1. Would you work out if segment 55-116 is rounded, prolate or oblate? Take a ≥ b ≥ c from the square roots of the eigenvalues of the alpha-carbon gyration tensor; rounded if a/c is under 1.5, else prolate when a/b is larger than b/c, oblate otherwise.
2. Which percent of the accessible area of segment 9-112 is formed by carbon and sulfur heavy atoms (probe 1.4 angstrom)?
3. To check my understanding: the extent here is largest minus smallest coordinate of the Cα atoms along each principal axis. What are those three numbers for segment 6-53, in Å, largest first?
4. Suppose accessible area is computed on protein heavy atoms with a 1.4 Å probe; arrange Glu91, Glu6, Glu49 from highest to lowest.
5. Once the other residues with Cβ under 12 Å from the Cβ of Ile54 are scored (Lys, Arg +1; Asp, Glu -1), what is the net sum?
6. Once the dipole of the chain is set up with Lys and Arg at +1 and Asp and Glu at -1 on Cβ about the Cα centre, which of Asn86, Ile28, Leu4 lies farthest towards its positive end?
7. As I understand it, the dipole of the chain uses +1 on the Cβ of Lys and Arg and -1 on the Cβ of Asp and Glu, about the Cα centre. Which of Pro14, Pro44, Thr55 lies farthest toward its positive end?
8. What ranking, highest mean first, results for peptides 81-88, 56-63, 7-14, 67-74 when packing means the other Cβ atoms within 10 Å averaged over each residue?
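The values are calculated or read from the model by the stated rules, or taken from the named source; none is laboratory data. Everything numeric in this text was worked out from a predicted model, so none of it was measured. Positions of Cβ are generated from backbone atoms using ideal geometry, with glycine treated the same way; all protein chains shown enter the neighbour counts. Quick note on the areas: whole protein, heavy atoms, side chains included, nothing else; ligands and nucleic acids left out. Shrake-Rupley method; radii C 1.70, N 1.55, O 1.52, S 1.80 Å.
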Amino acid sequence: QVQLVESGGGLVQPGGSMRLSCAASRIISTIYSSGGMGWYRQTPGKQRELVASITSRGTTYYTNSVKGRFTITRDNAKKTAYLQMNSLKPEDTAVYYCTIPGSSIWGQGTQVTVSS
């Protein structure tokens, strides 16, 4: 069973930056690199929303609220996806999850709190 493990969350002040990582295991590199990766976030009482995604060819998608502030990348050799978050706002506070789009595979989530 493929596993995804997020890391890099924590507390940051408004305007600060943070980088999340999502490491995949129990998957061979060729299969990992042939698929997409996505980052979602969820706050209490709300549905999980797609924040950003990246295809196997590197095509990216961002939800409007993070465009120009967040960047999704991937390192296929390390089987790791990243979400660089800049100019963070309090409304970015959420639990962030990574996933393989179209699968039922999700990480355990990492809390990001933006507060002064």
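1. Details: a/c = 1.95, a/b = 1.44, b/c = 1.35.
Cα axes put segment 55-116 in the prolate bin.
2. Working: 2710 of 5460 Å².
So the carbon and sulfur contribution to the accessible surface is 50 percent.
3. Dimensions of segment 6-53 along the principal axes of its Cα atoms: 38, 23, 16 Å.
4. On the way: Glu91 125, Glu6 10, Glu49 70 Å².
In descending accessible area the options line up as Glu91, Glu49, Glu6.
5. On the way: positive: Arg57, Arg74; negative: Asp75.
Charge balance near Ile54 sits at +1.
6. Ile28
7. So the residue furthest toward the plus end is Thr55.
8. On the way: 81-88: 20.6, 56-63: 12.2, 7-14: 13.9, 67-74: 16.2.
Result, highest mean first: 81-88, 67-74, 7-14, 56-63.
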